[in-house]
Amino acid sequence: MDTVKPTVRPMVIRVALFNLLACLVVDSAAFWALRVVSFRVAAAAGAAQPGAEVVALDTWMQSAAQCFWPYFVPASVLCFALIAVFMVLSLRRGIARAVPGTKKAAPKQDESSAELERQALQTRQRLYLHLVTVLQKEGRLLDFFSEDLSQYNDAQIGAAVRDIHHNCKKALEKHVAPQAVLAQNEGDPITVEEHFDPNTIKLIGNVTGRPPFKGVVQHRGWRAGKLELPTFPGRQVPEIIAPAEVEIG
């Protein structure tokens, strides 16, 4: 399986960056659409004799704008993080099947060594579900995503998302400790010096010429301050994220 590691590591980075960019695009598009529609509805509501439907729509848009940052953005980030984990797991298994010798036992391999290799493979597969397991255990993330939200009103959904956001944030701070890449705040001016790391800073907009570049921070970026995921005692089936719980009594 050593031949798979050099392939998997850059793949994990690419999947993480892709989902981060996708999350940024979705949130930006949703924010832009919300601003445009809110502006037009507010203009229509400010007319001399606005209709009742226009006034109701303006009230709803104001409520949606207030819920965008505290509820929609954290939920979208957690959703794309879950998608990234499952993408990495699926691609990892595909690479393991495609690379010659990753799953083939030696011709004279005995049963004991085959069992050790199988257990090692399960352990490596289990690592890719570690973060999902932590978020489920401490924040009930999968329970939230599997819930049918159509039967609840916005207030009930908002209360549930608040608890999930708090618990998942607490778990991430404990095990990953995410930190901002840039010290500046969003909207602050910044000078990108020569020989900057393109993996750390992504230039967008009208990029011409050679550095240094002067621009404005659109997103501070994220990096992991640490990676201390808990270990699971004993043997565990790789595809089980969280075991079912049954109270005997």
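The values are calculated or read from the model by the stated rules, or taken from the named source; none is laboratory data. Keep in mind it's a predicted model, so treat the numbers as computed, not measured. Don't worry about glycine lacking a Cβ; one is built from the backbone with ideal geometry, like all the others, and counts go over all protein chains shown.
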Members of region 107-138 that are among the charged types (D, E, K, R), at pLDDT 75 or above and either within 17 Å of the chain's Cα centre (by Cα) or surrounded by 12 or more Cβ atoms within 10 Å (Cβ to Cβ) (or both): 117, 118, 137, 138
Number of the exception - residue 69 against (1) at pLDDT below 70; (2) outside any loop (DSSP other than H, G, I, E, B); (3) not β-branched (Val, Ile, Thr): (1)
Matching residues, region 220-249, being at pLDDT 70 or above and β-branched (Val, Ile, Thr): 240, 241, 246, 248
Qualifying residue in region 32-49 (condition: modelled with pLDDT of 80 or more and either surrounded by 14 or more Cβ atoms within 10 Å (Cβ to Cβ) or among the aromatic types (Phe, Trp, Tyr) (or both)): yes
Whichever residue in region 156-211 is in contact with an Asp or Glu (Cβ under 6 Å, 6 or more places away or on another chain) and outside any loop (DSSP other than H, G, I, E, B) and, among such residues, is nearest to residue 144 (Cα to Cα): 167
Single condition residue 197 does not satisfy, out of (1) surrounded by 14 or more Cβ atoms within 10 Å (Cβ to Cβ); (2) modelled with pLDDT of 85 or more: (1)
Residue list for region 149-163, restricted to those being under 18 Å from the mean Cα position of the chain (by Cα) and touching a residue at least 40 places away in the same chain (Cβ under 8 Å): 161, 162
